[in-house]
1. For a quick check: with amide H placed at 1.01 Å from N, whose amide H comes under 5 Å from I10's, ignoring anything fewer than 5 positions away on the same chain?
2. Would you mind calculating the gained length between N53 and L76 on full extension (0.36 nm times residue separation, minus the Cα-Cα distance), in nm to one decimal?
3. Arranged from highest to lowest average of other beta-carbon atoms within 10 Å per residue, in what order do the peptides 29-37, 8-16, 69-77 appear?
4. Would you tally the net charge around S32, using a Cβ to Cβ cut-off of less than 15 Å, leaving S32 out, and scoring K and R as +1, D and E as -1?
5. Multiply the residue separation of E38 and L8 by 0.36 nm, subtract the distance between their alpha-carbon atoms, and state the gained length in nm to one decimal.
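Every number in this text was worked out from the coordinates using simple rules, so none of it is lab data. Values in this document were obtained by computation on a predicted structure and should not be read as measured data. Because the Cβ atoms are built from the backbone with ideal geometry, glycine has one as well, and the counts that use them run over all protein chains shown.
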Amino acid sequence: QLKAGKGLTIVGACVEGTYLNNQPQAQKADQSLRKLMEVEKVKGFSQVVISSNLRDATSHLIQAGGLGGLRHNSVLVSFPKNWKQAEEHHRCRNFI
């Protein structure tokens, strides 16, 4: 997408919790990602990871991302919401 839309795009999402308890939420998140990609006309793949915390889930997405021998060479991560709030300092720390 960064080079005239000719690259492989993998859009990922993280769901906090355990696989046994959150598998339905992960399926819904994947469906939402696919719809959003369709609306925005982004061609590629979606991947949802379930993990006990967001920090580990992001790490899992980065490590598991790819398709066959194709691996990513760039990772874009959304900036944490409410990062200036004192009670949300852990989000900014995890982001860094």
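1. Hits under the 5 Å cutoff: F45.
2. On the way: separation 23, 0.36 × 23 = 8.28 nm, distance 1.88 nm.
Full extension of this stretch gives 6.4 nm more.
3. Values: 29-37: 14.8, 8-16: 17.9, 69-77: 9.8.
So the order, starting with the most tightly packed, is 8-16, 29-37, 69-77.
4. Numbers: positive: K28, R34, K35; negative: D30, E38, E40.
Combined, the nearby Lys, Arg, Asp and Glu give 0.
5. Values: separation 30, 0.36 × 30 = 10.80 nm, distance 1.51 nm.
Gain on extension, E38 to L8, equals 9.3 nm.
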